[in-house]
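Remarks on the structure that follows.
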Amino acid sequence: MVVACSSPDKPDILRLGKLLPPGGEANINWVSLDPDQAPSSLTWEIRTFHPTEENRSEEFPDLDYEGILLLPKPNAEGEEEADEAKTAKKPPLIVWPHGGPHGCFSAGWNIMAAGFIKLGYAVLYVNYRGSAGYGDDMVFSLLGNCGRFDVLDMQHCVAELMREGTVDKSKIVCFGGSHGGFVAAHLSGQFPDVYKAVMCRNPVTNIASMLGGSDIPDWSYVEAGYSDYSHKQVSTPEQLGKMLTDSPITLADHMRAPTMIVLGADDLRVPPQQGRELYKALKARNVPTRLYVYAENSHPLNKVDSEAEVFVNTCKWFNEHLQSNDI
């Protein structure tokens, strides 16, 4: 029997074992088929974080969460060192919240992250409270707290890296899609002095206005803390008010980071109107903003040509606003 094994903090691996009679499962001798090693161009580590006291959940007070930090390795194989100063230079940081919000980053291969690393960026994934893979309490703790626990968990990790001096704290950017775009926009509005540029892919920007256009209207209710959803119901002013309050669009007056927004024209999950709403709000406030809309693409924006163009445009956007010609 060949099985695929994975967990958030361990790379995916194939294992081979002989199936034993019922009751003998614990005694199967598993043989790993894949080498467990990272590419030579990077180093990575798992970090465990504890919520700050003011951001601790009363219902689930004992939850920790994890981050995966990827760092470019100096003097990678086949590359010559330009000079000692460049080797010692701290890398700029891409902060990458996952979507869902009940998704999860794993310690596995990601082609876009590999590209960022190759260009000299450090990358920080965070499995904030609400992430899958850590038990039911982890998931349920975020319901009704979107825009708070997810965002502040992300920022707590970033603050720790800044305090340690692991990365260049003057060159921090944020990159996220779907609910990750929601978190990225929140980070931009809540911590405008930290983030120098932002990229949002098909972001949720206004939970209330997404209700009528999304193929999962129950998402808006459940993530806002209303679990008794019915397709027959009509939203109450209280519910709509909570959804709006939780949304990053309300922070538009505080956003200063140049923001690139990319949308799939055929997205049914998070309608393109969501990204356009943020785009118009930022343009009205003279925040440097660029909007790309990709025809015949839906929520993942994963057609080969579109995905490649999004990566290139993201790198150009970050380099431009970090003024980093040497990245």
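The values are calculated or read from the model by the stated rules, or taken from the named source; none is laboratory data. Just so it is clear, the model here is predicted, and its values are computed rather than measured. Using ideal geometry, Cβ is built from the backbone for each residue, glycine included, and neighbour counts are taken over all protein chains shown. Only protein heavy atoms, including side chains, enter the accessible area calculation; ligands, DNA and RNA are left aside. Shrake-Rupley method; radii C 1.70, N 1.55, O 1.52, S 1.80 Å.
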- Query: Do we have Gly241 as modelled with pLDDT of 95 or more, on the phi < 0 side of the Ramachandran plot, buried (at least 24 other Cβ atoms within 10 Å of the Cβ) and assigned to a helix (DSSP H, G or I) here?
  - Reply: no
- segment 203-212: number of residues that are over 19 Å from the mean Cα position of the chain (by Cα) and modelled with pLDDT of 95 or more: 3
- Item | Options Val151, Val167; residue that is touching a residue at least 12 places away in the same chain (Cβ under 8 Å), among the β-branched types (Val, Ile, Thr) and not in a loop (DSSP other than H, G, I, E, B) | Val151
- Message: Return the pair list, or none, for Cβ contacts closer than 6 Å from residues in segment 184-202 that are on the phi > 0 side of the Ramachandran plot to residues that are in a loop (DSSP other than H, G, I, E, B) and of a type outside the set (Asp, Glu), at least 6 apart or on different chains.
- Response: Asn202/Ser178; Asn202/Val270; Asn202/His299
- Within segment 278-301, which residues are in a helix (DSSP H, G or I) and crowded, with 20+ Cβ neighbours inside 10 Å? Leu278, Tyr279, Ala281, Leu282
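One line per residue, one yes/no per condition, for (1) closer than 23 Å to His98 by Cβ; (2) touching a residue at least 60 places away in the same chain (Cβ under 8 Å); (3) in contact with a Lys or Arg (Cβ under 6 Å, 6 or more places away or on another chain):
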{"site": "Leu268", "(1), (2), (3)": "yes, no, no"}
{"site": "Gln274", "(1), (2), (3)": "yes, yes, no"}
{"site": "Val287", "(1), (2), (3)": "no, no, no"}
{"site": "Ala295", "(1), (2), (3)": "no, no, no"}
{"site": "Phe318", "(1), (2), (3)": "yes, yes, no"}
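Tally time: how many residues in segment 186-238 are part of a helix (DSSP H, G or I) and either in contact with a Leu (Cβ under 6 Å, 6 or more places away or on another chain) or open to solvent by 30 Å² or more (accessible area, probe 1.4 Å) (or both)?
Matching residues across segment 186-238 total 11.
Give me the strands (runs of 3 or more DSSP E) completely within segment 1-72, filtered to those with at least 2 residues that are surrounded by 12 or more Cβ atoms within 10 Å (Cβ to Cβ) and at pLDDT below 90, ordered by residue number.
Hits in segment 1-72: 2-7, 10-16.
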